[in-house]
Amino acid sequence: MRRGILEASTEAPLTGQASQALPVNARKKLPMPLLRRRTVRLRLTVLYGGIFLLTGAVLLVIAGLVTVGSSTHVAVPAPGQNPQPAQTAQAQAQAQAHALAQAQAQVRRLQHQLAAATGQPHQSLWHALLIGSLVALAIMAAVSVLVGWFVANRVLRPLRKMTAATRRISADNLHERLAVPGPVDEVKDLADTIDELLERLEGAFAAQRHFVANASHELRTPLATMRASLDVAEAKPEPAPPQTTLLASRLRAQLDQVDGLLEGLLALARAQHGDLPGYTMLSLDAVLADGLAARADAIGAKALTTRSASAPGGAWIQGSQALICRLVDNVLDNAVTHNEAGGWIAVSTQLSGPTAWLVVETGGAVLDQQQVQQLAQPFRRLGAERTGSGAGLGLSIVAAIAEAHGGTLDLHARPAGGLRVSIGLPLAYQGVPA
């Protein structure tokens, strides 16, 4: 054991960077205000109130036009004149002119009397009618907004129940269904469509998991047969030719790589299926220390310097011991394998609210953040210099195990070069449990 290389330190520089090492998604998100969310309920309420206000305004304009038209239509009686007896033409013309002048004077008197009798009261009545109509329109608009708010709440209640049920259903309980009761309407059609989609997703997930598990198990038999054939060929009494020995060693290396690939696929399938064997209380610091001790030879071969720091009181989580150990092993293997000779590895456990963070940092060349974010996907590698002998499943298995335990994986390219891997898991206990 190269104890001189493993330098356990709790110096302030590493611990003081806890806030910088934590990923951005560890910060708390403030709830969005109601007005900024622009919910369907709010939009329906505004729609109901706007339609009522528009129709009320149109109705008020029509009523005003009808009132004004009926009040101004006044018939003025024409003054009647008895025909004069037959006279001479000059006398008849004078009589007609005199009668026309009297009629005009009588019309003017009637107009003055009508204006004096109905002018000011008519304007007061029209003004009062207009004010009353506007007040009534404002009151009914407020009432319509309140009624629209409650009606929209009533209409959207089944959709809220469907949303809550859909959020509750995840990849681990796809067997659940919404099963919305009630008459056959648009809401029930939507719920039935979602149930059919969940049924197809359940079948697809089950087929994928069964295929990976069965293929991995079935491939182990021919691999074991090939390995046994190599052992028998090399165990013969007569010495094997050098070419045969070299070919056998290469085949063994490839078989070991295929075995690692199958083991990784099985671990990925178990993590995605939510199969957590050996669920117990674990100390992240202890698992991390065991992982570093197991890789002391590989660390010494590359002359790597390690620094470690623990959270005050320790970080305890609940999970599958086998899968959590596999998670830590994959992260450490990635840090050792893809590190440069004479480099460094910094490991630490940190606490942030209800989350325990396992942070592993390495030095090296400056990496592209967009390519780094894709490393959590299966069979993804970061450039030819980081391929090594792996299959590209290490960090994807880490992401699946973290997600199965209710945690997250954050990959970040360090500005100074290298990679920072942050794994957040739900904190079960801070300090040594009693």
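Treating each Cα of the stretch 141-201 as one equal point scatterer and applying the Debye formula with no solvent, the log10 of I(q)/I(0) at q = 0.17, 0.29, 0.30 Å⁻¹ comes out as -0.63, -1.20, -1.24. Between the amide H of Gly314 and those of Gly431, distances stay under 5 Å, these residues lying 5 or more places away or on another chain, with hydrogens modeled in the peptide plane. Pairs of Cα atoms nearer than 8 Å and 6+ residues apart set the relative contact order; for the stretch 129-241 it is 16 percent. Overall, the accessible surface of the stretch 299-362 at a probe of 1.4 angstrom is composed of carbon and sulfur to the extent of 50 percent.
Based on the Cβ-Cβ distance of Leu42 and Ala365, what FRET efficiency does E = 1/(1 + (r/R0)^6) give at R0 = 60 Å, to the nearest 0.05? After rounding, the FRET efficiency stands at 0.70.
For the stretch 192-276, a crude dipole built from +1 on the beta carbon of Lys and Arg and -1 on the beta carbon of Asp and Glu, taken about the Cα centre, is about 560 debye to the nearest 20. Sorting the Cα pairs of the stretch 182-247 by distance into bins of 5 Å, from 0 upward, gives 3, 13, 11, 10, 8, 8, 8, 6, 6, 6, 5, 4, 4, 3, 3, 2, 1 percent per bin.
Can you work out the accessible area per residue across the stretch 121-272, with the rest of the protein chains kept in place, probe 1.4 Å, in square angstrom? Intermediate values should be presented prior to the final figure.
Numbers: 10290 Å² over 152 residues.
Accessible area per residue: 68 Å².
Extending 7 Å from the Cα toward the beta-carbon at both Leu146 and Ile51 defines two label points whose distance is 2.1 nm.
List the aspartates and glutamates whose alpha-carbon lies under 15 Å from that of Lys302, not counting same-chain residues fewer than 8 positions away? Those aspartates and glutamates meeting the cut-off are Asp333, Glu340.
Taking the Cα centre of the stretch 152-308 as the origin, how large is its charge dipole in debye, to the nearest 20, when only Lys and Arg (+1) and Asp and Glu (-1) carry charge on their Cβ atoms?
Numbers: 19 positive and 21 negative charges, 100 e Å.
My answer is approximately 480 debye.
The values are calculated or read from the model by the stated rules, or taken from the named source; none is laboratory data. Owing to the predicted nature of the structure, the values given are computational and were not obtained by experimental measurement. Positions of Cβ are generated from backbone atoms using ideal geometry, with glycine treated the same way; all protein chains shown enter the neighbour counts. Keep in mind that these areas ignore ligands, DNA and RNA; they rest on the heavy atoms of the full protein, side chains included. Shrake-Rupley method; radii C 1.70, N 1.55, O 1.52, S 1.80 Å.
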